[in-house]
Structure formats: C-alpha cells, structure tokens
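The block underneath contains the structure these notes are about, expressed in structure tokens.
The values are calculated or read from the model by the stated rules, or taken from the named source; none is laboratory data. None of these values were measured; they are calculated from a predicted model. Using ideal geometry, Cβ is built from the backbone for each residue, glycine included, and neighbour counts are taken over all protein chains shown. Ligands, DNA and RNA are stripped out before the accessible areas are found, and what is left, the full protein with its side chains, is counted by its heavy atoms. Shrake-Rupley method; radii C 1.70, N 1.55, O 1.52, S 1.80 Å.
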Amino acid sequence: MTSQYRQRSAACVLCPCPQLTAYWSPPPSCCRRVCCEGPSKMALLGSGVFRDAKSTCIFLAVLLLAYYFVMDIILFMRFRTVDIVQDSQAGDPSELYSPFTHLSVKSLMNDHTSQYIISPSAEYFDYFTHFSTVFSFITPNIISFTHLFLGFLSGKFVASENLHDRRIGVVIFQVRTWLDAFDGVVYRSQSNTHLQFQSVRNTAGYYIDTTCDAIGGVFLSFGILFYLWKRFDPYKQELPSWNKAQEAGVKTGLPSNGHSLGGLRETYSKKYLFWKVFCYGLCLACAGKFWDLIVGDFKDTLQVPIKDPETSQLQFQLCHSTTTVFIFYLWRILEGQALLQYILIPICLDKIWEFLNYTQYILLVIIVGLYIISLLYIRHLRTLLHL
C-alpha cells in the first residue's frame, strides 16, 4: 500500500449510508478558522473558550449553579404567596417580563436554562425591538422551521471529527434553542396573550413546534452517532506519528482525536454505538413527552378555578405542599430541554462517549419512575379535590 493511499484512508471514512453523505462529510472549515484558528485578535476567544475547555466549563458551571440557586430561592419564595390560578393570567402588553411573575404550572416545571436565561433574553429582545409587531409577517411557524434548519446544521458540525467543529455545533444548537423559545414569544405577542405561559394544544402551531423540536433533537443525536462511528471505526487506519513532547510525557493542552486503550485503538461495532445513542435519544423522547403530559395533568388539577371556597383553599394548599414542589423541581432537572443542555456539556469537553456510558439505562429508569409517581400523585390530588 502506498504512502499516499494510507494518508487518504486515515483522513476519510466512507459513509455507511450513501444517502446521508452530505451530513456525514466534514462541515466547512471557515467557522473553525474564524473562531478557533484566527489571527491574534481572536486569541482570547480561542485560548479562553475553545482551547481550555475544562477550566472554562468548570468556571461557567459554578457560576451558573450559583445563579440558578439564587433564582430558585426567589422564585419559590414568591410561589408560596401566590395563587397560580390568578397569577397565570395574561399580562398587559406593556408589562416587562420577569421570571417570577405570571407563574403557571408550565413555568414552575420549566428547566433552569430556559427559565432564567433563554426565555428572559427572548422576551427582552422582543420587548425592546418590537420584533413581533414590526415584522408581523414573520409567524411563529416560520421561526420553528428556521430553528429546525439550525438543528440540522448543528448536527453536521457535531458529527465532525474535529473538536472545534463540535463546539461550534454546540453554539449553533444553543441558537436553535433560543429561537425555539422566541417562537413562543412571537405567538403570545401576536395572539394578545402576553406573558401567559401555557401550551395551546390541538392547534397547527402546537404540532409544528413540537415536531420541529423533536426533529431538532434527532438531528443532534445523528450528529453524535456519526461522530462515534468515525471515532471507533474498526477499519479506520491511522498513520504512526512521533512527537517529542508526547514522548517525554508532556501534555500539549491541545485537543486530540486519538482514542486508544492499552496502546491499541478502541473500536466498537456500528450497531453497538447506535444502541448507545438510541438509549439517550429514547430518554429525550420520553422526558419531553412525559413532561408535556404531566404539565397538562397538573394544570387541569391545580390551575383550574374552583367555585367552592373550601375546595379552592384545599387546592391552594395542595399546590404549595412540599410533595408538589418536590415533584415540580424533579421535572425541572429531568425534562427534555434540560437533557439536551446536559448532553451539550460533554460534547464541549470531548467526553460524549463517557457520558453516554454513565447514563445509558439509569436515566431512563429515573424518568419512567418519575412519570409513574407523578401520575399516581395527580390521581391522589384529584381524589381529594373531587375532580
């Protein structure tokens, strides 16, 4: 075998499904050059965010956890004093958004990133720019299809063997998530339900939005799958390399695409890798669907007006009970959008394989168990309220 042929084999792995070659092939390198390999004026961005991912992620994680903790304390302290039956009503169009007002079952069970970062930024953007009124021809469905395309683009970057490309894919997916929240902002503005956070089921927009969300998650999952297929391909040949720093045992600090076990390349079959990704995709699907169903059941139980004063007072007490708040909080950290946020972190850290191994079965068991407990608890609440 000639040296030129071996180099070509090391750089390219054939797509197992020719119809998906466009998705399998590497993304354009211009984004990587601008964000990670640019001139000296981009050095801060390249070294601080992309090249030293571990320290950056630890710093951001501590900062975000502290921020979420303080915001949760404020949120649930206010929740103790309000009746969500009244507080969940729509607000005045001139009212500024706050994550602590117009509380509903849906907002109380929303994941932290959406509740405290994505939704506020989307609400404030529309409030100050009047986007939904100035560009009234842009409907929520148009925004949904736009973030669907970004989901596809994100998956293509995540499928790359280059770590910088995968991190760019994470950024693109976060933009997709922001647009997913923004289409709800535009819908509420154009339907005169400003700050009323509840799903409007049995409408075309609801089904389009949920379908685009689901397909966006599928695109990300396929991106992860294609990357793992490339990483652990048993037929991929790698040319031997010699590095003085590595020979001396010195860490270079640069991301590496080499994965070995005991001096030999670690390889797995495509079916095994597919099963790993499928298990997490199943967790995403179950978490998203179960969360939506439980939100609807809690809303029909705790967020409906009751004429009888004694029963209404009992409803208020049950809504603010420790058990109810605890179940709300568990769904906040286990809903579909939260799981999507969790998987983006190991992609940035180049630890996606380890993450999938740790969460393959236990996560699904926890989600199904929480769903069953929630159903039994809601049945208990309805029995007490005679609903």
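Just name the residue that is nearest to the chain's Cα centre (by Cα) out of those in the stretch 204-218 that are open to solvent by 50 Å² or more (accessible area, probe 1.4 Å) and either of a type in the set (S, T, N, Q) or under 12 Å from H147 (Cα atoms) (or both). Per the criteria, the residue is A214. Set side by side, the residues S241, S269 differ, and just one is modelled with pLDDT under 90, small (G, A, S) and within 33 Å of the chain's Cα centre (by Cα), which is S269.
If the condition is being within 16 Å of T324 (Cα to Cα) and either polar (S, T, N, Q) or surrounded by fewer than 19 Cβ atoms within 10 Å (Cβ to Cβ) (or both), then the stretch 80-105 contributes R80, T81, V82, D83, V85, S104.
Looking only at the stretch 138-175, filter to residues that are among the aliphatic types (A, V, I, L, M) and more than 26 Å from V200 (Cα to Cα); which one of those is nearest to the chain's Cα centre (by Cα)?
That would be V170.
Of the residues making up the stretch 332-387, those that are under 23 Å from S321 (Cβ atoms) and either touching a Phe, Trp or Tyr at 6+ places or on another chain (Cβ under 6 Å) or of a type in the set (K, R) (or both) are R332, E335, Y371, R379, R382. Annotation: L153 fulfils all but one of (1) open to solvent by less than 30 Å² (accessible area, probe 1.4 Å); (2) over 20 Å from N110 (Cα atoms); (3) not acidic (D, E); the unmet one is (1).
Considering the stretch 286-387, the qualifying helices (runs of 4 or more DSSP H), each wholly inside and each with 2 or more residues that are of a type in the set (K, R), open to solvent by 60 Å² or more (accessible area, probe 1.4 Å) and out of contact with any Cys (no Cβ under 9 Å at 6 or more places or on another chain), run over 362-385.
Among residues of the stretch 176-199 being in contact (Cβ under 8 Å) with a residue 12 or more places away in the chain and outside any helix (DSSP H, G or I), the one that is least open to solvent (accessible area, probe 1.4 Å) is L195.
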